[in-house]
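Nothing in this text is a laboratory measurement; each read-out follows from the coordinates by a stated rule. The structure displayed is predicted, hence computed values, not measured ones. Heads up, the Cβs are rebuilt from the backbone with ideal geometry, glycines too, and the neighbour counts pull from every protein chain shown.
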Amino acid sequence: MINSEQVAILLSTYNGEKYLAKQIESILNQDYDNFVLYIRDDNSKDGTRVIINDFVRKYDNVFFLNPNDYVNLGVTKSFFYLLKQVNANYYMFSDQDDVWMRDKVSKTLKKMKESEILTKPSLVHTNLYLVDNELDIIGDKIWGDNVSTEFKQLIFTNNVAGCTSMINNVMKNFIIADEDKYDEMFMHDWWIALIASGFGVNAFVKDETMFYRQHADNVVGGVDGVVSRLKRISKIGTEIKRSNKILRQAAAFFDAHSDDLNPSDKKYLSEYANIWHDGSAYKNLLTIIKFPNKKSTLSGKIMLSFFLVILPKKLRSNG
């Protein structure tokens, strides 16, 4: 039965006092109750820790893992620290400033039980509503009814939001084994998506299960495709850095997992890993012609191709 499965909800906080209480309340109000909420604070300077301690005193399924530790790890390492510290049947990631719908855990777990392969890393993620500070919806659902699970496309375009995701224990073990690559990951959710599509199960729930706030204090902005392409094009420096992170992550993933990829994915990924390590403009052009990148939009394909050909040394120097 689904109700026998314990879920660990992992919440990393940083200067989150404005929205944190409402998010924790939405988690505690789930219609599925076999879960434990684990919180790590990443050295907040506001009243975040006071809020956490208040919930810990009131609820026996809320734990503050580092009440006396004030180290700032950054968002990726903070989430993976949480993952290493706890044990459950399944794990979910939570941002500090969103609001979950009441059936988020139960709906995601149901899909996991339907889709999971017990011996393989398995991921379930869902759709979400993009909202403003007051939780008013400011756009259509982020994705349509289907999203790509193709490994080659996920190298360049992430469509998995960590705050909507659930993973199994096999996935957890994959992530922990990749600890030496944490600094080279674009984001934890993107890396998890690559593992799921490369080696296991990447399942999607088309329904929205949460409200994802967009505001000036977000550590990470909207998922790829939410921000206007025209605005991104006007910020060339930002796009260079983004291309750099994509390329660096591709090379790191190849270093970590090339031996286990299927031959087609391995060959494709190796070409982009080579761009990161030692590509020249001419060599990169040949690579892109033979193995075109699979960004999700035409403008994205053109922009990334331009950066990989014209600026390979600059990309690496910014790594």
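Taking the 0 to 90 degree range and rounding to the nearest ten, how far is the long axis of helix 281-290 tilted relative to the main principal axis of the chain, both from C-alpha atoms?
70 degrees
With a cap of 15 neighbouring Cβ atoms within 10 Å, and only residues DSSP puts in a loop, list the GluC sites (Glu not before Pro) found in the range 119-206.
Numbers: sites: E134, E150, E179, E184; in loops: E134, E150.
Counting only loop positions with at most 15 other Cβ atoms within 10 Å, the GluC sites (Glu not before Pro) in the range 119-206 are E134, E150.
Tell me the mean residue ellipticity at 222 nm calculated for the chain from its helices only (DSSP H runs of n ≥ 4, each -39500 (n - 2.57), averaged over every residue, nearest 500). Write down the numbers at each step before the final one.
Details: 13 runs with 140 residues, N = 319.
Roughly -13000 deg cm²/dmol at 222 nm, from the helical runs in the chain.
What FRET efficiency comes out for V86 versus K206 if R0 is 30 angstrom and r is the Cβ-Cβ distance? Round to the nearest 0.05.
Working: r = 29 Å, r/R0 = 0.97.
It comes out at approximately 0.55.
So, R0 is 41 Å and r is the distance between the beta-carbons of D136 and E179; what FRET efficiency does that work out to, to 0.05? Write down the numbers at each step before the final one.
Details: r = 40 Å, r/R0 = 0.97.
After rounding to 0.05, the efficiency reads 0.55.
For the range 1-47, what does the convex hull of the Cα positions come to per residue, in cubic angstrom?
Details: hull volume 2.7 nm³, N = 47.
It is 57 Å³ per residue.
Using a Cα-Cα cut-off of under 17 Å, which lysines could be cross-linked to K283, ignoring same-chain neighbours fewer than 8 residues away?
Within reach: K267, K313, K314.
Which angle between 0 and 90 degrees, to the nearest 10, do you get for helix 104-115 versus the longest principal axis of the chain when only C-alpha atoms count?
Helix 104-115 and the main axis of the chain meet at about 60 degrees.
Once the convex hull of the C-alpha atoms of the chain is built, how many Å³ does it hold per residue, rounded to a whole number? Mind dumping the intermediate values first?
Working: hull volume 42.2 nm³, N = 319.
Looking at the chain, the number lands at 132 Å³ per residue.
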